[in-house]
Amino acid sequence: MKTYDAIVVGAGHNGLTNAAFLAKAGLDVLCVEKNEYIGGATVSRNLYKDWIYSNASYVCSLLRPEIFRALELSRHGLQITPYGGGTVFMQKGGYLGSYPDHDVHHREYSRFSKNDADAYERFSADTMRQCRFVRDFLLRTPADPTSFKPKDLKRLAHLGSKFFEMGEDRMYDTIRFWTMSVAEYLDEYFETDVIKAALSGSGIIGTALGIHSPGTAYVLLHHYMGEVDGNMGAWGFARGGMGAVAEAIAGAFQAYGGELRRDAGVEQILVKRGKVKGVALTNGEEIDARIVVSGMDVKRTFLKCMDKKDLPADFYHRVENFKIRGSSGKLNIALDGMPSFPALPKGSPLLDGDMHFIDSMERMERAYDDWKEGTWSKDPYVDMVIPTVSDPTMAPPGKHFMSCFVQYCPAKINGREWKPEEREAFGQTVIDQIAEYSPDFKDLILHVEVRTPKEIEDEAGLTEGNIFHGELTMDQLMFNRPVPGYAQYRAPVAGLYMCGSSTHPGGGVIAAPGANAAREILFDLSRSNTVPETFGDD
Amino acid sequence: MTIQEVQLDRKKSPFYSRQAKLDRLNQWHEWKGYSSADAFYNAELEYFAIRNSTAVFDLTPMTKYRITGPDSLDYIDRLVTRDMRKIKPGRVAYAVWCDDQGQVIDDGTIFHLMEGEYRLCSQERHMEWLTAAAIGLDVNIKEETADIAALAVQGPTSYSVLKNLGLDGVENLKLFGLMDFDFEGTNLMVSRTGYTGDLGYELWIDPSKAEALWDALFEAGTNYGIMAIGTTALEQSRIEAGYLAAYEDFLPALATVRTGRSRSPFEIGLGWLVDFKKPNFNGRRALAREKRSGSTWRLVKLDIEGNKPASHSYIYTKKYGRFRQVGFVTSAAWSPICKHNIAIGTVRTPNGKVGDTLWVEIYYQREMHWTRLMAKAEVVGKPFWDPERRRVTPPGVY
């Protein structure tokens with residue numbers, strides 16, 4: 001029977017990226033995917049007539065351009081187009097816009113506060129400074145601070161030099177930044193509630209934390225450090241939905257000679273005499289490989305797809321305690337036409353951006369209170385986009401696809417499973433909130449897919465539907481991600497590696513975990529490296 | 001609740017209708033949200049209007065604040081590094097203000113309009129900082145950029161134009177002085193200030209009278225070679241005058257991302273604006289420390305051999321036949337009036353003392369091909385262009 005050089009488990013964007021770089025290096029690679037479609041949470045699905053849904057992740061910014069270039073993703077059909085601006089609708093009428101044009105943005109903030117309009121410059125500069133610090137580490141394997149290997153000392157020295165480069169005052173700021181809440185961070189700049197509410201959303205998306213929870217300032221950064229063609233912080237749509245990202249990477253993988261199998265879920269990762277042997281599929285088939293790379297999150301990998309006997313106890317318990325909490329849900333909606341938003345002026349460019357319906361910090365925090373009490377937010381934070389405004393490929397002419405990311409939404413209701421009527425009620429909560437600002441919205445709805453963490457876990461395999469494969473808190477970042485001592489993509493079984501977003505630098509369709517893991521694997525195999533270096537960011 | 005929608009289009013100055021009529025090039029750029037012309041006819045002709053006759057530049061988009069209240073003097077004095085107690089009503093002061101680290105936030109002019117009332121003009125917008133810097137003081141700070149239409153009227157015949165406009169008494173207006181006049185029943189403030197280093201004035205009026213003022217001014221200037229100018233000509237003249245531009249010759253500290261990219265007043269040649277006799281002002285401690293231990297950077301004015309402008313050039317020292325890079329040019333121009341190849345740059349101390357010889361690496365393109373040359377540059381102390389007529393009161397008739 002054939003023995004592959006490597007089997008990559010899961011055809012999400014990280015699994016595929018990892019597989020593509022291994023195949024590019026000349027390895028004989030098989031990528032197995034449990035679903036009949038690929039992409040994991042980076043997926044386009046046709047669930048209603050001619051509509052294409054980005055039914056999990058929905059916008060793209062963080063995908064590393066180094067990877068985009070190295071895998072020739074444009075040749076494989078990927079196009080990311082930036083979108084313009086964003087809106088927060090206000091309960092008492094009116095709205096706050098966010099515009100890509102620098103001075104229009106300033107004028108818009110000035111409507112609320114001249115202080116805040118000017119403070120935005122300082123906020124941008126300070127946030128950019130932190131982004132530049134972090135960005136440099138995205139395409140690098142985290143240093144092991146306890147190791148004295150030359151490689152790790154070099155990595156540590158790099159971390160240290162980047163840190164000291166910032167200068168004394170900025171070093172204080174950085175330490176504070178990494179540990180403070182997004183609310184505290186914004187309070188240092190802004191006075192207007194709706195402006196803070198608008199900016200705070202990035203601090204909690206995908207996170208089971210509230211705007212006042214320590215660590216959420218970093219989450220904001222995580223959403224800001226991306227770019228579309230060098231425009232830092234910009235977000236864009238993948239033409240054809242987010243599945244286009246996975247399709248393009250899969251195209252690259254196959255062009256390098258990789259083999260992709262759909263409908264091939266892994267039951268167990270097989271270990272023989274302390275060394276990985278291959279995988280057993282759910283249909284009973286066993287496939288041998290010298291190396292197995294898991295694109296699944298660490299809980300799914302080690303708690304569900306391995307025999308406990310094969311794992312060290314301490315590692316196992318740490319994985320058990322890894323924070324990967326369900327905090328968000330999703331509504332995907334097919335629309336018969338473009339809903340109107342009477343608060344916005346006719347032809348406003350904001351219709352081409354993201355929309356939000358929470359206009360105060362208090363409402364942001366209250367949304368989190370509901371989650372803590374074991375239920376979905378009754379007044380949720382919704383990050384809504386209509387990609388079909390600029391993408392003609394996702395819905396028939398004149399029709400639209402709407403993606404609503406919803407926070408907060410627990411994995412379980414008061415500790416028990418969701419009931420179907422509760423799922424319906426959750427969806428209705430979101431629809432009602434949007435309808436408050438769009439009178440014709442409800443009439444335009446043709447089809448709704450409601451996804452609680454359970455559906456996301458069942459389909460994409462994300463434990464508790466956590467979009468980042470684990471919380472992006474300081475205790476689970478850099479050399480502590482996923483667990484201390486195992487941040488360099490190697491699992492505690494010889495030949496087994498991790499390449500999902502549970503590893504550094506985390507989730508968000510960055511594709512860096514997959515790439516970084518490939519670099520380590522190729523190093524272990526003494527193969528020449530195919531993974532690009534990070535672009536200089538000076 | 002009625003909502004004032006944000007204006008998505010670029011803003012137009014109250015002089016726009018008049019400027020549009022003169023405009024032949026259709027070359028505009030954005031200046032703090034406003035449309036501002038690069039040039040109207042020909043940048044070179046416009047430049048010579050500054051040095052030879054009268055040039056009119058629309059500076060309405062410049063950020064303007066009104067500072068009032070019982071503590072306004074204390075406030076301004078603590079805000080900026082120079083001693084504002086010396087600036088009496090009716091006088092204008094060039095000033096610079098710093099953050100607590102002694103790094104320049106911006107430079108600008110402060111008009112002492114009347115007892116306890118000031119106007120601060122700056123390149124950047126600073127409401128947040130100005131508000132934050134008001135702690136403990138009873139002042140009112142109001143942005144009034146759009147509430148005032150402003151024109152720079154600069155050049156040797158500018159005095160004659162204003163005189164011809166009927167501004168009696170303007171002959172007594174001294175450099176950095178300001179006076180109020182009546183223009184068709186509206187207050188017209190005139191200050192003897194500018195960004196060209198030449199004889200010149202700035203006119204400040206209610207926007208409702210902007211077009212009337214423009215018309216009257218151009219009428220009065222017909223025989224004095226009056227000409228509307230854009231930013232290109234102004235930029236050339238301000239480099240000749242040795243004036244600094246934010247985002248070119250220094251970066252506003254609060255918007256600086258990278259460490260070491262901001263500058264102290266000492267590092268941009270504005271040490272003369274720092275008055276340590278004042279017991280307290282923003283950045284004093286840090287600046288006092290820098291004064292003792294020395295600065296990292298020094299601003300240099302360079303007189304460069306040859307005639308190829310040294311834009312974006314590296315600056316070198318040459319020792320024992322070897323070049324060592326010590327800084328770079330931040331602004332450069334060929335000076336038509338002086339026939340000198342001039343530049344402003346930033347170099348690491350101790351380089352760049354007046355009289356030092358430095359070298360600049362110039363790249364220039366002729367018919368697609370690029371040429372690189374190393375040109376000798378002398379560090380000069382004085383502005384390249386500083387004519388006597390700039391200060392003489394009453395001004396001469398040219």
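The values are calculated or read from the model by the stated rules, or taken from the named source; none is laboratory data. Note that the structure is predicted; figures quoted are calculated from it, not measured. Every residue, glycine among them, receives a Cβ derived from its backbone with ideal geometry; neighbour counts consider all protein chains shown.
Taking the residues in the stretch A:75-105 that are within 14 Å of chain B (Cβ to nearest Cβ) and among the aromatic types (Phe, Trp, Tyr) as candidates, determine which candidate is nearest to A:Asn231 (Cα to Cα).
Step by step, filter the stretch A:75-105, then rank; the result is A:Tyr99.
Can you name every residue in the stretch B:230-264 that is hydrophobic (A, V, I, L, M, F, W, C) and either touching a residue at least 60 places away in the same chain (Cβ under 8 Å) or in contact with a helix residue (DSSP H, G or I) (Cβ under 6 Å, 6 or more places away or on another chain) (or both)? Before the answer, list the steps.
The initial filter retains those residues of the stretch B:230-264 that are hydrophobic (A, V, I, L, M, F, W, C), namely B:233-234, B:239, B:241, B:244-246, B:250-251, B:253-255, B:257.
Passing the criteria: B:Ala233, B:Leu234, B:Ile239, B:Ala241, B:Leu244, B:Ala245, B:Ala246, B:Phe250, B:Ala253, B:Leu254, B:Ala255, B:Val257.
Residues that are in the same structural domain as A:Cys409 (by TED's automatic domain parsing) and crowded, with 21+ Cβ neighbours inside 10 Å: does the stretch A:153-165 have at least one?
There is at least one residue in the stretch A:153-165 that is in the same structural domain as A:Cys409 (by TED's automatic domain parsing) and crowded, with 21+ Cβ neighbours inside 10 Å.
With the condition kept exactly as written, say whether any residue in the stretch B:91-104 is out of contact with any Cys (no Cβ under 8 Å at 6 or more places or on another chain), within 11 Å of chain A (Cβ to nearest Cβ) and of a type in the set (Asp, Glu).
Yes: the stretch B:91-104 contains one or more residues that are out of contact with any Cys (no Cβ under 8 Å at 6 or more places or on another chain), within 11 Å of chain A (Cβ to nearest Cβ) and of a type in the set (Asp, Glu).
Restricting attention to the stretch A:134-187, report how many residues are more than 26 Å from the chain's Cα centre (by Cα), of a type in the set (D, E, K, R) and away from chain B (no Cβ under 14 Å).
So the count comes out to 4.
If I go through the stretch A:110-119 residue by residue, how many of them are surrounded by 19 or more Cβ atoms within 10 Å (Cβ to Cβ) and either more than 9 Å from chain B (Cβ to nearest Cβ) or touching a His at 6+ places or on another chain (Cβ under 7 Å) (or both)?
Looking only at that region, the number is 2.
Where in the stretch B:111-226 are there helices (runs of 4 or more DSSP H), lying fully within it, with 2 or more residues that are of a type in the set (Ser, Thr, Tyr)?
Details: elements: B:127-132, B:158-164, B:210-221.
It comes to B:158-164.
Scan the stretch B:14-39 for residues that are away from chain A (no Cβ under 14 Å) and either among the basic types (Lys, Arg) or within 22 Å of A:Asp118 (Cβ to Cβ) (or both) and jot them down.
Across the stretch B:14-39, the qualifying residues are B:Arg18, B:Lys21, B:Arg24.
For the stretch A:64-84, give me each residue that is of a type in the set (A, V, I, L, M), touching a strand residue (DSSP E or B) at 6+ places or on another chain (Cβ under 8 Å) and closer than 21 Å to A:Leu138 by Cα.
The answer is A:Ile80, and nothing else.
Just checking, does the stretch B:18-35 include any residue being among the small types (Gly, Ala, Ser), modelled with pLDDT of 95 or more, within 21 Å of the chain's Cα centre (by Cα) and in the same structural domain as B:Ala152 (by TED's automatic domain parsing)?
Scanning the stretch B:18-35 turns up at least one residue that is among the small types (Gly, Ala, Ser), modelled with pLDDT of 95 or more, within 21 Å of the chain's Cα centre (by Cα) and in the same structural domain as B:Ala152 (by TED's automatic domain parsing).
Might you let me know whether the stretch A:242-256 holds any residue that is touching a Phe, Trp or Tyr at 6+ places or on another chain (Cβ under 7 Å) and modelled with pLDDT of 95 or more?
yes
Quick check on this structure: which one of B:Leu234, B:Leu254 is crowded, with 19+ Cβ neighbours inside 10 Å and more than 14 Å from chain A (Cβ to nearest Cβ)?
None of the other options fit; the residue is B:Leu234.
Has the stretch A:494-503 got at least one residue that is touching a strand residue (DSSP E or B) at 6+ places or on another chain (Cβ under 7 Å) and closer than 30 Å to A:Phe426 by Cα?
Yes; the residues of the stretch A:494-503 include at least one that is touching a strand residue (DSSP E or B) at 6+ places or on another chain (Cβ under 7 Å) and closer than 30 Å to A:Phe426 by Cα.
Sort out which residues of the stretch B:109-160 are under 26 Å from B:Asp249 (Cβ atoms), crowded, with 18+ Cβ neighbours inside 10 Å and small (Gly, Ala, Ser), and write them in order of number.
Selection gives B:Ser122, B:Ala133, B:Ala150, B:Ala152, B:Gly155, B:Ser158.
I need the full set of residues from the stretch B:272-308 which are within 18 Å of the chain's Cα centre (by Cα) and crowded, with 16+ Cβ neighbours inside 10 Å, in order please.
Scanning the stretch B:272-308 gives B:Leu273, B:Leu299, B:Val300, B:Lys301.
Which pairs turn up if I take residues in the stretch B:203-229 that are in contact (Cβ under 8 Å) with a residue 12 or more places away in the chain and of a type outside the set (A, V, I, L, M, F, W, C) and look for partners that are loosely packed, with under 15 Cβ neighbours inside 10 Å and not in a helix (DSSP H, G or I) with beta carbon separation below 8 Å, at least 6 apart in sequence or on another chain?
Close Cβ pairs satisfying both conditions: B:Asp206/B:Thr186; B:Asp206/B:Asn187; B:Ser208/B:Thr186; B:Lys209/B:Glu184; B:Lys209/B:Thr186.
Confirm whether A:Phe123 is under 21 Å from the mean Cα position of the chain (by Cα) and either modelled with pLDDT under 95 or among the aromatic types (Phe, Trp, Tyr) (or both).
Considered against the rule, which asks whether it is under 21 Å from the mean Cα position of the chain (by Cα) and either modelled with pLDDT under 95 or among the aromatic types (Phe, Trp, Tyr) (or both), A:Phe123 comes out as no.
If we only count strands (runs of 3 or more DSSP E) wholly inside the stretch B:281-349, which ones have 3 or more residues that are of a type in the set (Gly, Ala, Ser)?
Once the strands (runs of 3 or more DSSP E) in the stretch B:281-349 are filtered for at least 3 residues that are of a type in the set (Gly, Ala, Ser), what remains is B:322-335.
If we keep just the residues of the stretch A:336-370 that are over 23 Å from A:Gly236 (Cα atoms) and of a type in the set (Asp, Glu), which is nearest to the other protein chains (Cβ to nearest Cβ)?
Here the residue is A:Asp359.
Residue check, A:Gly77 against (1) crowded, with 22+ Cβ neighbours inside 10 Å; (2) not assigned by TED's automatic domain parsing to the domain that holds A:Phe341, all met but one. Which one?
(1) is the only condition that A:Gly77 fails.
Need pairs with beta-carbon distance below 7 Å; first residue surrounded by 13 or more Cβ atoms within 10 Å (Cβ to Cβ) and within the stretch B:369-390, second in a strand (DSSP E or B) and at pLDDT below 95; sequence gap 6+ or separate chains.
Short answer, once both residue conditions are applied: none.
So which of A:Leu47, A:Leu27, A:Leu16 is assigned to a helix (DSSP H, G or I) and of a type outside the set (D, E, K, R)? Talk me through it step by step, then tell me what you get.
Numbers: A:Leu47 fails: assigned to a helix (DSSP H, G or I); A:Leu27 fails: assigned to a helix (DSSP H, G or I).
The match here is A:Leu16.
Show me the helices (runs of 4 or more DSSP H) found entirely inside the stretch A:384-500 where at least 2 residues are among the aromatic types (Phe, Trp, Tyr) and assigned by TED's automatic domain parsing to the domain that holds A:Pro513.
On the way: elements: A:420-435, A:441-444, A:453-460.
Result: empty, no element qualifies.
Has the stretch B:239-246 got at least one residue that is among the charged types (D, E, K, R) and crowded, with 23+ Cβ neighbours inside 10 Å?
Yes, there is a match, as at least one residue in the stretch B:239-246 is among the charged types (D, E, K, R) and crowded, with 23+ Cβ neighbours inside 10 Å.
Which number in (1) within 14 Å of chain B (Cβ to nearest Cβ); (2) surrounded by fewer than 17 Cβ atoms within 10 Å (Cβ to Cβ); (3) acidic (Asp, Glu) marks the one condition that A:Glu72 misses?
(1)
Does B:Phe266 meet the test of being under 30 Å from B:Gln101 (Cα atoms), more than 14 Å from chain A (Cβ to nearest Cβ) and assigned to a loop (DSSP other than H, G, I, E, B)?
no
Can you find even one residue in the stretch A:239-253 that is outside any strand (DSSP E or B) and free of Cβ contacts under 8 Å to residues at least 60 places away in the same chain? Reasoning before the result, please.
If we filter the stretch A:239-253 for residues that are outside any strand (DSSP E or B), which is where we start, we get A:239-253.
After this cut, where a residue has to be free of Cβ contacts under 8 Å to residues at least 60 places away in the same chain as well, the list is none.
Looking for residues that are outside any strand (DSSP E or B) and free of Cβ contacts under 8 Å to residues at least 60 places away in the same chain, one finds none in the stretch A:239-253, hence no.
Tell me which of these A:Pro342 doesn't satisfy, since it passes every other one: (1) touching a helix residue (DSSP H, G or I) at 6+ places or on another chain (Cβ under 9 Å); (2) surrounded by fewer than 20 Cβ atoms within 10 Å (Cβ to Cβ).
That leaves (1) as the condition not met.
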